[in-house]
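The values are calculated or read from the model by the stated rules, or taken from the named source; none is laboratory data. Every value quoted in this text rests on a predicted model; they were computed, and no experiment measured them. Heads up, the Cβs are rebuilt from the backbone with ideal geometry, glycines too, and the neighbour counts pull from every protein chain shown.
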Amino acid sequence: MIEIDGLVRKYGSHVAVDGLDLRVGRGVFYTFLGPNGAGKTTTMKVMAGLLRPTAGTVRIDGIDIVEHPVEAKKRIGYIPDHPYLYDRLTGWEFLRFIGGLYSMAPGAVRARGEELLETFALTEEANHLVDSYSHGMRQRLAFCACFIHDPSVVIVDEPWVGLDPRNIRTAIRFLEERTAEGVTIFMSTHSLDIAEDIAERLGIIHRGRLLYDGTLNDLRASGGRDDLEEIFLEMTG
């Protein structure tokens, strides 16, 4: 579902992503790890079609994100590290707006929106202006908007900021249920504890280069220890 070949992204003379190759199949929960400035967010913005690659290709469900951006984006759900929401819309108006971008019928938006708002405990606040939402509520609304059109590939950049432990557990359970249905989740996080709990596969990127791509068990075996934090710090130190 995700195919990345020779991806390079530069900002002037700075190389943020340096020759990245990666494959992620259908229904896989992939966790992307790396220190600040490693190239995680840049990679994910290229995958989402928000940045053009300097070199290389990214395909989503076989569709080149640069050559056919609209068709590729129909299959993508994206939650950035700092979601932008429209403060003068209510939660429901925002979901209807997002559904309209994907040409969803009003009835489909209503049915799917009700399910998502219930899941993320926003039903009572759905008719309030987003301006009145706490940071955690905004993050939960971003989850609802991301999944309103039932994407087949979801890109999630550090989604836990502002969520309390209960809502983190709800979001993790929701994401795991989607992978069981065949959705591919590509998520970055600084929380190594969460990565240990949920990742089927993980990648470690540092200074724009992919240092590891595989299962947690294989990483532990190659590192000769069980503690992911120790392995991570040694690889990126």
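Take the residues in the stretch 61-83 that are among the aliphatic types (A, V, I, L, M) and under 16 Å from Phe147 (Cβ atoms), then tell me which one is surrounded by the fewest Cβ atoms within 10 Å (Cβ to Cβ).
The qualifying residue surrounded by the fewest Cβ atoms within 10 Å (Cβ to Cβ) is Ile79.
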Considering only residues that are modelled with pLDDT under 90 and either outside any helix (DSSP H, G or I) or touching a Gly at 6+ places or on another chain (Cβ under 9 Å) (or both), which ones fall in the stretch 214-229? Ser222, Gly224, Arg225, Asp226, Asp227
Taking the stretch 40-80 and keeping residues part of a loop (DSSP other than H, G, I, E, B) and among the hydrophobic types (A, V, I, L, M, F, W, C) leaves Ala48, Leu50, Leu51, Ile65, Val66
Can you find even one residue in the stretch 90-106 that is part of a loop (DSSP other than H, G, I, E, B), of a type outside the set (Asp, Glu), closer than 17 Å to Met137 by Cα and without any contact (Cβ under 8 Å) to a residue 12 or more places away in the chain? no
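Being within 19 Å of Cys146 (Cβ to Cβ) and in contact with a Ser or Thr (Cβ under 9 Å, 6 or more places away or on another chain) is the filter here; which residues of the stretch 27-57 pass it? Spell out how you get there, then give the answer.
Just the residues of the stretch 27-57 that are within 19 Å of Cys146 (Cβ to Cβ), to begin with: 27-32, 40-41, 43-51.
Result: Gly27, Val28, Phe29, Tyr30, Thr31, Phe32, Lys40, Thr41, Thr43, Met44, Leu51.
Please tell me if Leu163 is farther than 21 Å from Ser191 by Cβ and touching a residue at least 12 places away in the same chain (Cβ under 8 Å).
Working: farther than 21 Å from Ser191 by Cβ: no; touching a residue at least 12 places away in the same chain (Cβ under 8 Å): yes.
The answer is no for Leu163.
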Of all residues in the stretch 19-37 being in a strand (DSSP E or B) and crowded, with 16+ Cβ neighbours inside 10 Å, the one that is farthest from the chain's Cα centre (by Cα): Leu20
Every residue in the stretch 144-165 that is assigned to a helix (DSSP H, G or I) and under 10 Å from the mean Cα position of the chain (by Cα), please. Cys146
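Checking the conditions here, which among Phe174, Phe232 is under 17 Å from the mean Cα position of the chain (by Cα) and aromatic (Phe, Trp, Tyr)? Steps first, answer last, please.
Working: Phe232 fails: under 17 Å from the mean Cα position of the chain (by Cα).
The unique qualifying residue is Phe174.
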I'm told Leu211 meets every condition in (1) closer than 30 Å to Lys10 by Cα; (2) out of contact with any Lys or Arg (no Cβ under 7 Å at 6 or more places or on another chain); (3) not in a strand (DSSP E or B) except one. Can you identify the failing condition by its number? (3)
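If I ask for residues that are assigned to a helix (DSSP H, G or I) and in contact (Cβ under 8 Å) with a residue 24 or more places away in the chain, which ones from the stretch 189-208 would you list? Please lay out each step first, then the result.
Going residue by residue through the stretch 189-208, those that are assigned to a helix (DSSP H, G or I) are 192-198.
Residues satisfying the conditions are Leu192, Ile194, Ala195, Glu196, Asp197, Ile198.
Matching residues to (1) surrounded by 20 or more Cβ atoms within 10 Å (Cβ to Cβ); (2) touching a residue at least 60 places away in the same chain (Cβ under 8 Å); (3) under 26 Å from Asp61 (Cα atoms):
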site: Cys146; (1), (2), (3): yes, yes, yes
site: Ile168; (1), (2), (3): no, no, no
site: Glu176; (1), (2), (3): no, yes, yes
site: Thr184; (1), (2), (3): yes, yes, yes
site: Met187; (1), (2), (3): yes, yes, yes
site: Glu230; (1), (2), (3): no, no, no
